[in-house]
Amino acid sequence: GGARGALLLLQGARLRVPAVDGDRDLLKDVLEAFLIETPGLLEKIEESIRTGDAATLKRAAHTLKGPLRPPGATAGEHAARLETLGREGDLGRAEAELAPLRSAMERVIADVREFVGDVQTTDTGRES
């Protein structure tokens with residue numbers, strides 16, 4: 001079969017995550033890694049537009065787009081557009097995608113943080 005994974009449905013986004021087979025700690029680790037890596041990718045996208053580095057824009061937008069899944073994945077759609085604009089070297093139009101991408105990613109990050117917090121609360125509140 002294809003790559004194993006799961007679709008995590010959050011309030012404002014759908015994220016593709018590796019199959020964790022019910023391992024809540026592993027899921028939490030995956031999501032925490034997403035939270036750690038995402039700000040750096042956003043900075044890399046912003047800097048690549050500012051410095052005119054289309055190749056870096058394409059790579060960073062592709063990486064950011066990876067786990068974001070439509071429908072309803074506005075952030076993923078913006079990342080896909082930025083990836084295309086980077087491939088085409090159209091940095092002028094790429095700049096216009098920055099604010100909507102940041103806004104959409106803030107919502108995704110907030111949703112992931114809330115989910116991770118819920119996982120921690122559920123785990124610590126569970127009696128064995």
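The values are calculated or read from the model by the stated rules, or taken from the named source; none is laboratory data. Only a predicted model underlies this, so the values are computations on that prediction, with no experimental measurement involved. Here the Cβ positions follow ideal geometry from the backbone for every residue, glycine too, while neighbour counts run over all protein chains shown. Areas reflect the complete protein model, heavy atoms only, side chains present, ligands, DNA and RNA absent. Shrake-Rupley method; radii C 1.70, N 1.55, O 1.52, S 1.80 Å.
At a glance:
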quantity	calculated
Spin-label pair ARG93/LEU26, simplified geometry with 7 Å Cα→Cβ offset, distance in nm	4.1
Exposure rank, largest accessible area first [HIS78, HIS62; 1.4 Å]	HIS62, HIS78
Length added when fully stretched, SER103-THR84, from 0.36 nm per residue minus Cα-Cα	4.9 nm
Proximal lysines to LYS44, defined as alpha-carbon separation beneath 23 angstrom and excluding residues fewer than eight positions away on the same chain	LYS58, LYS65
Probe 1.4 Å - accessible area at LEU7, Å² to nearest ten	80
